[in-house]
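Q: Before we start, here is the structure in question, set down as structure tokens.
The values are calculated or read from the model by the stated rules, or taken from the named source; none is laboratory data. These numbers were taken from a predicted model, which means no experiment stands behind them. Neighbour counts are summed over all protein chains in view; Cβ atoms, including those assigned to glycine, are modelled from backbone coordinates with ideal geometry.
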Amino acid sequence: MAIARVLERIARSKSVLFQLLKPNSLLQMSSVVTVSNEFNIEKIFAVREVSAAVLNISGRQRMLSQRSALFALRLTLATSTQNRESLQKKLCETLDLMERSHESLINGDLTLNLSGALSPAISKIYYEAPYQLNSRVRDFLEAGRKLARIPADALNCNNPYLQHLLHTSEGDLLEALDAAVLQYQKEKEQQEKAIDLYQAKLYKDTCTAMAVAQARSQALSDTITKLQQTQIQLIQAEKLSGLGQLVAGVAHEINNPLGFISGNIQYAKMYVSDLIEVLELYQHHYPDPHPEIKDFSQSVELDYTLVDLPKLLDTMNLGVERIKEVVLSLRNFSRLDEVKPSLIDLHECIESTMTILRYRFKSDAPSSPINIVKEYTALPKIDCYPGQINQVLINLVGNAIDALEGVSENPTIVIRTKPMATDPGWVEIQIEDNGSGVSEELQQNLFKPFFTTKSVGKGTGLGLSISHQIIVERHGGNLIYRSRPGGGSEFTIQLPLRQ
């Protein structure tokens with residue numbers, strides 16, 4: 001009867017162990033593999049192998065206790081010396097394996113992928129009531145080994161060591177081993193769920209960050225393409241005699257936002273790399289966080305990184321918007337398809353010009369940056385050729401910047417707009433500077449082609465001539481120059497509201 005009960009218990013143990021170790025649903029496995037592909041699938045498999053190893057060995061302990069009891073009973077009932085020696089050897093080998101497995105579970109074994117780190121719940125099962133699995137396993141091992149050393153003529157079914165093995169393998173020890181197996185299974189499921197959730201979150205954050213970064217990069221590429229097209233349009237139309245200055249200014253304006261975006265993409269990649277590395281460490285040591293994970297998380301400032309990623313992308317967005325602003329200004333300036341006038345806001349034209357020339361307000365004034373004073377009056381939209389008006393504005397503001405070279409004390413350009421006092425159907429744009437001005441004998445030649453007051457190599461003598469032609473001949477307006485009292489120049493553009 002005792003043998004039958006032991007065999008029945010062994011069969012039941014195998015059935016329970018099979019149920020505990022059966023794989024999760026296909027959907028869950030598919031989800032894990034999908035996430036693993038984006039991170040480090042080898043590390044993920046390693047973590048799952050550790051969990052499986054722990055669960056397998058703890059379940060095997062249950063089976064080994066049953067086998068030990070069975071061998072002990074068969075050893076007691078053995079009649080031949082050969083059979084007894086064989087059973088004695090099997091019993092000792094089973095007990096040794098059970099002891100090694102027990103030591104590996106509580107102390108760790110690198111060859112078996114066991115860390116030896118026990119969760120509070122598992123530790124309680126091993127060392128505290130009601131299970132006290134550690135002491136029960138050791139008592140079981142001691143009883144089995146003592147039984148194996150008893151002479152054959154002294155063995156019988158009433159032997160206290162045999163009774164201990166049989167009763168504990170079906171009672172207290174079995175209950176404690178079952179509790180350990182169930183707890184290992186529970187923690188394995190919790191660990192896998194936590195890993196899946198954490199991976200999903202990091203995967204989502206990573207994909208979002210990279211998608212935004214790629215979108216910003218694409219936006220930058222599109223913007224540069226538009227800029228290149230605009231440059232080609234400007235060159236083909238020969239709308240600017242000072243195209244070299246314009247290109248230099250545009251290049252300068254693009255350089256800073258481009259640097260922002262390029263630098264931030266690198267930081268974003270670095271942060272993502274750190275997140276993945278933390279994830280790998282986290283998976284390797286879960287469920288009880290290893291000090292290495294805590295230290296590394298602190299060293300890379302994981303929380304800060306996750307918060308900082310959106311900020312970096314915002315910075316990239318600012319750079320893209322800045323480039324778009326420059327390109328828009330260029331496009332406003334170089335409307336090559338103008339075949340008839342259109343209604344425009346003069347202030348927008350002026351702002352486009354200021355955007356294009358912004359770099360010169362600093363670089364051409366080493367001693368002091370140029371102050372820009374805008375005195376705008378509300379104006380109705382005017383009917384004109386916007387690209388040509390922009391060309392005039394860039395010529396006049398560029399001349400004002402040139403006139404302020406060498407002015408160390410408060411170099412200033414004033415841009416003023418207002419309706420004409422003598423005719424409400426006209427508007428005026430005044431551009432003033434506090435430079436040295438132009439002498440009276442030279443003023444009469446200002447609007448003649450190829451006349452320039454600049455040093456050799458700095459001017460073509462076409463800017464004011466073209467500007468005069470655009471305002472007077474093309475728009476039916478006036479372009480007037482006068483020297484300001486105390487030095488400096490003032491150009492006044494007068495335009496009709498309607499062509």
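Q: Can we say residue 161 is under 46 Å from the mean Cα position of the chain (by Cα) and part of a helix (DSSP H, G or I)?
A: Values: under 46 Å from the mean Cα position of the chain (by Cα): no; part of a helix (DSSP H, G or I): yes.
No, not satisfied.
Q: Restricting to region 411-429, name every residue that is among the β-branched types (Val, Ile, Thr) and more than 16 Å from residue 381 (Cα to Cα).
A: The answer is 412, 413, 414, 415, 422.
Q: Quick check on my filter: what residues within region 184-201 are of a type in the set (A, V, I, L, M, F, W, C) and either in contact with an Asp or Glu (Cβ under 9 Å, 6 or more places away or on another chain) or closer than 23 Å to residue 114 by Cα (or both)?
A: The answer is 194, 195.
Q: A further question on this structure: Quick one: what pairs do we get from region 448-472, first residue among the hydrophobic types (A, V, I, L, M, F, W, C), second at pLDDT 60 or above and loosely packed, with under 12 Cβ neighbours inside 10 Å, C-beta under 7 Å, 6+ apart or different chains?
A: Hits for this filter: 462/450.
Q: Could you run through region 104-144 and say how many residues are among the charged types (D, E, K, R) and either assigned to a loop (DSSP other than H, G, I, E, B) or modelled with pLDDT under 90 (or both)?
A: Selection size over region 104-144: 2.
Q: Also, I was wondering about something else. Of all residues in region 89-130, which are more than 18 Å from residue 55 (Cα to Cα) and surrounded by 16 or more Cβ atoms within 10 Å (Cβ to Cβ)? Before the answer, list the steps.
A: Initially, region 89-130 is screened for residues more than 18 Å from residue 55 (Cα to Cα), giving 89-96, 127-130.
Those that are more than 18 Å from residue 55 (Cα to Cα) and surrounded by 16 or more Cβ atoms within 10 Å (Cβ to Cβ): 90, 91, 92, 94, 95.
To keep it simple, each residue is scored yes or no on (1) at pLDDT 85 or above; (2) among the polar types (S, T, N, Q); (3) under 16 Å from residue 490 (Cα atoms).
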site	(1), (2), (3)
357	no, no, no
365	no, no, no
369	no, no, no
387	no, no, no
390	yes, yes, no
394	yes, no, yes
398	yes, no, yes
401	yes, no, yes
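Q: For region 145-174: of the residues being of a type outside the set (S, T, N, Q) and within 15 Å of residue 63 (Cβ to Cβ), which is modelled with the lowest pLDDT?
A: Only one residue tops the list, namely 174.
Residue by residue, here is whether (1) hydroxyl-bearing (Ser, Thr, Tyr); (2) part of a helix (DSSP H, G or I); (3) over 14 Å from residue 68 (Cβ atoms) holds:
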{"position": "153", "(1), (2), (3)": "no, yes, yes"}
{"position": "166", "(1), (2), (3)": "no, yes, no"}
{"position": "173", "(1), (2), (3)": "no, yes, no"}
{"position": "178", "(1), (2), (3)": "no, yes, yes"}
{"position": "187", "(1), (2), (3)": "no, yes, yes"}
{"position": "198", "(1), (2), (3)": "yes, yes, yes"}
{"position": "204", "(1), (2), (3)": "no, yes, yes"}
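Q: Next question. Considering only residues of region 461-483 that are part of a loop (DSSP other than H, G, I, E, B) and within 16 Å of residue 397 (Cα to Cα), which is modelled with the highest pLDDT?
A: Looking at residues that are part of a loop (DSSP other than H, G, I, E, B) and within 16 Å of residue 397 (Cα to Cα), I get 462.
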